[in-house]
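Notes for the one structure printed next.
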Amino acid sequence: MPDDITQHYHSKNNRFSSHMQIIGMISPKSRILDIGCGRGIINRRLAETGCAVVGIDRELPDPSFTRSLEAYYRLDLEKPLAIDAGKGFDYIIAADVLEHIRNRDQLLNGVSVNLKPGGSLIASTGNIALFVYRLLLLLGRFDYRDRGILDRDHVHLFTISSFKSLLESAGFRIYRCHYTPIPFELVFSSRWGRGKFVEVLTYAYQLLVRIWPQLFAYQIIVEARSTPVSPRCDSATGNATIH
């Protein structure tokens, strides 16, 4: 990943955002590896729940970002994931990371090796099949930007289906899926972003996400385990079912 990648990312604090949903998926006092931890958007809050978090990124960290970490590794994620994990991790987080990596299979293999038995990978990415991008393609537009799903630093774009297929082909079993709305608090100005209007809009839009995530979800969040048998999520509802 480029050294300045995390400069493009902001904390998303609505309760349906990827950051808040990922935090809610993790049990307190767990041991966690946060791949692409950047400026500590997620790990600072996890530390408040008693979690021990190890961070990885390419940046030379600012001490204020790593104060809540048990350890920090400055690594190139295109190379093998070589860390001294000790007893392994209960969770490994790859939040908005895999779309930046060319050698995704190598990274996912490193994830599998560093998970405890029964441990979970929590990975998120943007949904390129979002209705907004379908409409832009219809109009002949596909413009890359400084952030978002069409971030210039992305080397791969995923649909919900292709992201799940990536993890399954790497030997993971999908345990559950969550979906996020468009982050309207970032789309609108700071004044509107904190207002009741955006809160109501986000809640109403999340109802559409639940009905048709392939068309309306901004991001998918997957919890996956490298075990032979586990539940899989229903693509329409996000509920887990046993197969």
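Between Arg147 and Lys196, what length comes free when the chain is fully extended (0.36 nm per residue of separation minus the Cα-Cα distance, one decimal in nm)?
15.1 nm
Near Gln106, within a Cβ-to-Cβ distance under 14 Å, what is the net charge of the other residues, with Lys and Arg +1 and Asp and Glu -1?
That works out to 0.
Obtain the nm distance between the two label points defined at Arg102 and Ser27 by a simple spin-label model: each point lies 7 Å from its Cα along the Cα-to-C-beta direction.
Calculated label separation equals 4.0 nm.
If we sort 210-223, 125-138 on the protection proxy, mean other Cβ atoms within 10 Å, highest first, what's the order?
210-223, 125-138
What net charge do the residues around Ile122 carry, taking every other residue with its C-beta under 11 Å from that of Ile122, with Lys and Arg at +1 and Asp and Glu at -1? Before the final figure, lay out each step's value.
Numbers: positive: Arg176, Arg225; negative: Asp34, Asp90, Glu223.
Here the count lands on -1.
Could you grab the relative contact order for the stretch 52-199? Cα pairs under 8 Å, six or more apart, rounded to a whole percent.
17
How much net charge surrounds Met25 when only other residues with a Cβ under 10 Å from its Cβ are counted (Lys, Arg +1; Asp, Glu -1)?
0
Using a 7 Å offset from the Cα along the Cα-to-Cβ direction at both Ile211 and Ala82, what is the distance between the two label points in nm, to one decimal?
With each label placed 7 Å out from Cα toward Cβ, I get 5.3 nm.
Sort 91-104, 30-43 for me by packing, meaning the mean count of neighbouring Cβ atoms within 10 Å per residue, highest on top.
Those peptides, ordered most packed to least, come out 30-43, 91-104.
Quick one: Cα centre-to-centre distance for the stretch 36-102 and the stretch 161-177, in angstrom?
One Cα centre to the other: 22 Å.
Could you pull out the trypsin sites (Lys or Arg not before Pro) across the stretch 145-177 that fall in loop regions by DSSP (anything but H, G, I, E, B) with no more than 13 other Cβ atoms inside 10 Å?
Hits after loop and neighbour filter: Arg152.
Over the stretch 97-167, give the accessible area per residue in Å² for a 1.4 Å probe, as an integer.
47
The values are calculated or read from the model by the stated rules, or taken from the named source; none is laboratory data. These figures come from a predicted structure and were not determined experimentally. Quick reminder, even Gly has a Cβ in these numbers, built from the backbone with ideal geometry, and neighbours come from all protein chains shown. Accessible surface areas use protein heavy atoms only, side chains included; no ligands, DNA or RNA. Shrake-Rupley method; radii C 1.70, N 1.55, O 1.52, S 1.80 Å.
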